[in-house]
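Inspection log for the structure reproduced underneath, given as structure tokens.
The values are calculated or read from the model by the stated rules, or taken from the named source; none is laboratory data. Bear in mind that the values here come from a model prediction, so they are computed numbers and not experimental data. Ideal geometry is used to build each Cβ from the backbone, glycine not excepted, and the neighbour counts take in all protein chains shown. Please note that ligands, DNA and RNA were not included when accessible areas were found on the heavy atoms of the full protein model with its side chains. Shrake-Rupley method; radii C 1.70, N 1.55, O 1.52, S 1.80 Å.
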Amino acid sequence: MAARTLEELQKQYNGKVPEGKRGMPIHGPRGPMGPRGKQGGKPKNTRTTMKRLFSYLSPYKFRLVLVLVCMLLNTASALMGAYILRPILNALVGVGKTEVLGMSFDSPMAYLAAVLTVVGAVYLIGVISSYAQARLMLSISLGATERLRGDLFARVQELPVSVFDGDSNGEIMSRFTNDIDNIDMMLNNTVVSLISGVISLVGTFVMMVTTNIWLTLITIVFVPLFIRLGAMISKRARTYYVGQQAALGALGGYIEESVSGQKVIKVFNHEQISVEEFMFLNGDMREKQLRAQFYGGIMGPILGNTSQINYAVTAGVGGLLCLGGHFDPGGLAVFVNYSRQFARPIDMISHQMSTIFSALAGAERVFSLMDREPEPADVKDPASTLGLRGEIVLKDVTFGYVPEKTVLKNLSLYAHAGQKIAFVGSTGAGKTTVTNLLSRFYDIQSGQITIDGRDIKSYRLKELRKNIATVLQDTHLFTGTVRENIRYGRLDASDEEVIEAAKTASAHSFIMRLENGYDTMLEGDGANLSQGQRQLLNIARASLSQAPILVLDEATSSVDTRTERHIERGMDRLMNNRTTFVIAHRLSTVRNADAIMVLEQGEIIERGTHEELLALGGRYYELYTGKKELA
């Protein structure tokens, strides 16, 4: 199916991606983008998410107590500093005494100097406590996000292959970067602001009641209005922030896919289509950001203006009380200050809503990945893999990646220990699926797979895969030296064994021509090597393994014919006393197999040796003689 233009996408989706739609309606460099980049939707359970998120703060209880003490000191400092204004103003207008801490002053200048000294000391305590609070909270938030990121990465290692087949790399990476960064920002800044705001709110209210109960009642009347407005805006903003994070993940996934597929894009002249599809996703991201930021941003101004009304009413009523002799000028000045200060925590909390919503949306995405079903647990009493010979039997195996589409249908075969079994057939016939099931990347729906007479589910999963060496068509090398990449097949292998494995795979000669030989650094998935050289290193990695079972999935597809002949000779040595499954499109590479299985639509339609299948004159004969091409 060809990639669609922006106009077609807009026509189908009315110019936008609908909320809750699973999967982007576009085709990227690797074809249709599957179930990626979930859009929109309301948070599933905000309370549960917050409870789970704050559980990462539990190891820092003592430091959190210190933070709370610092907050109390900081708030008390601010309240006391404001309250000291009352006696100063009253003394200056002649309605109060010129006393400080029980000491009387005849000179106004001496009195003022004493008061300023006390105020300076009070605020100094606030500055010191604020600094300590910031340092402590920074270490707490970074420690919590470090644990969260570590738990997420550890969980990803436990997830089945199906998760990575369904989600793009960029979408998964977005959980580690954007989402956790938002969480860190909330823990470091917003949590402090919330707690500090609550403490300040309570402290200010107490001081307001102490100063004047009647003016306090006026402020209380405005509180339900603050709460109602905040709840209405928060509800809308929370939904849009979830959509914003999902759109960000989808956009990141498409960028990652496009960058990694640049050669394919250029070969097929899809640059303009890629730009249009990117602009579609980018526009969707902008729309969701606009809504989220708008509702997150208007809360502050709305609540701020409401507090100004409260401030004006309070000042007016207080002035009337002063004129009637029922209130002192210093008390009015302090109360008006408290009235403004009372609204400040609410305004401060409202300004943090955007961070809170982004963090909670990110936390839900992180926890949703962590909550994916892991690979199946090992049985209680696993069978030993010690001395495993590699006799494999598949009996009536039925499997589909999705329940409604069966890939393998009642497939049965056997492989004696040390035999070489080859699979040929059209693309999509189920050849690679067989090897995926053997390694338990997926579990079958019905039937049975046994190794040495035992069901593969009876073995410990790690031990099972340790006994199956695999060379895939898609190569992957890690950042490190050539030696380290080959040794990935068996970490306890000696340098001599690494070199021998490279010679078996016909990789030794080209490795020695590299700048630093086996100590040459590889970066960017071996970008400084050719595709064939990368595959040779992967083959050397598998040859280093002492696994009794070997899987070669188009292992020689990326090398030239001359190198392939060298590899075949090495593979003959490698496959001695190993049960080997070979998947190949080049039928010349499977002629010496002990048995060749011809698969079509998930069923074995022919089986036998090369000579037997040619004599049969069926599908294999057509493929081998070129009368019918592999699809």
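Observations on the structure shown:
- The condition (being closer than 18 Å to I596 by Cβ and open to solvent by 10 Å² or more (accessible area, probe 1.4 Å)) is satisfied by just one residue among S412, S384: S412.
- For T219: the one exception among (1) open to solvent by 20 Å² or more (accessible area, probe 1.4 Å); (2) more than 30 Å from E364 (Cβ to Cβ); (3) among the polar types (S, T, N, Q): (1)
- Test result for E497, of a type outside the set (K, R) and either in a strand (DSSP E or B) or surrounded by fewer than 16 Cβ atoms within 10 Å (Cβ to Cβ) (or both): no
- Looking across the stretch 453-462, just one residue is open to solvent by less than 60 Å² (accessible area, probe 1.4 Å) and either modelled with pLDDT under 85 or within 30 Å of the chain's Cα centre (by Cα) (or both), and that is L461.
- Residues in the stretch 445-481 that are aromatic (F, W, Y) and not in a strand (DSSP E or B): F478 only.
- Top-ranked residue in the stretch 477-494 [being charged (D, E, K, R) and out of contact with any Leu (no Cβ under 8 Å at 6 or more places or on another chain); ranked as least open to solvent (accessible area, probe 1.4 Å)]: R483
- Cross-chain or 6+ apart pairs with Cβ under 6 Å, the stretch 57-79 first and farther than 25 Å from M207 by Cβ, then surrounded by fewer than 17 Cβ atoms within 10 Å (Cβ to Cβ) and not small (G, A, S): none
- Whichever residue in the stretch 391-409 is assigned to a loop (DSSP other than H, G, I, E, B), in contact (Cβ under 8 Å) with a residue 60 or more places away in the chain and within 38 Å of the chain's Cα centre (by Cα) and, among such residues, is surrounded by the most Cβ atoms within 10 Å (Cβ to Cβ): V407
- Positions within the stretch 500-511 being more than 18 Å from Q546 (Cβ to Cβ), at pLDDT 85 or above and surrounded by 12 or more Cβ atoms within 10 Å (Cβ to Cβ), in sequence order: A507, H508, F510, I511
- Meets criteria (surrounded by fewer than 21 Cβ atoms within 10 Å (Cβ to Cβ) and either more than 30 Å from D525 (Cα to Cα) or over 35 Å from the mean Cα position of the chain (by Cα) (or both)) for Q473: no
- Residue match in the stretch 192-202 (condition: over 22 Å from L64 (Cβ atoms) and free of Cβ contacts under 8 Å to residues at least 24 places away in the same chain): no
- Comparison of D179, D167, D151 shows that the only residue that is surrounded by fewer than 19 Cβ atoms within 10 Å (Cβ to Cβ) and in contact (Cβ under 8 Å) with a residue 60 or more places away in the chain is D151.
Yes or no, residue by residue, for (1) at pLDDT 85 or above; (2) open to solvent by 10 Å² or more (accessible area, probe 1.4 Å); (3) part of a helix (DSSP H, G or I):
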| site | (1), (2), (3) |
| --- | --- |
| H585 | no, yes, no |
| S588 | no, yes, yes |
| Y620 | yes, no, yes |
| L623 | no, yes, yes |
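- Lone qualifier among S354, S358 - being assigned to a helix (DSSP H, G or I), at pLDDT below 75 and closer than 30 Å to R47 by Cα: S354
- Residues of the stretch 529-551 satisfying the condition of being surrounded by fewer than 14 Cβ atoms within 10 Å (Cβ to Cβ) and under 31 Å from the mean Cα position of the chain (by Cα): Q531
- Within the stretch 542-552, considering residues that are touching a residue at least 60 places away in the same chain (Cβ under 8 Å) and not small (G, A, S), the one nearest to T435 (Cα to Cα): V551
- Any chance L159 is surrounded by fewer than 18 Cβ atoms within 10 Å (Cβ to Cβ) and touching a Pro at 6+ places or on another chain (Cβ under 9 Å): yes
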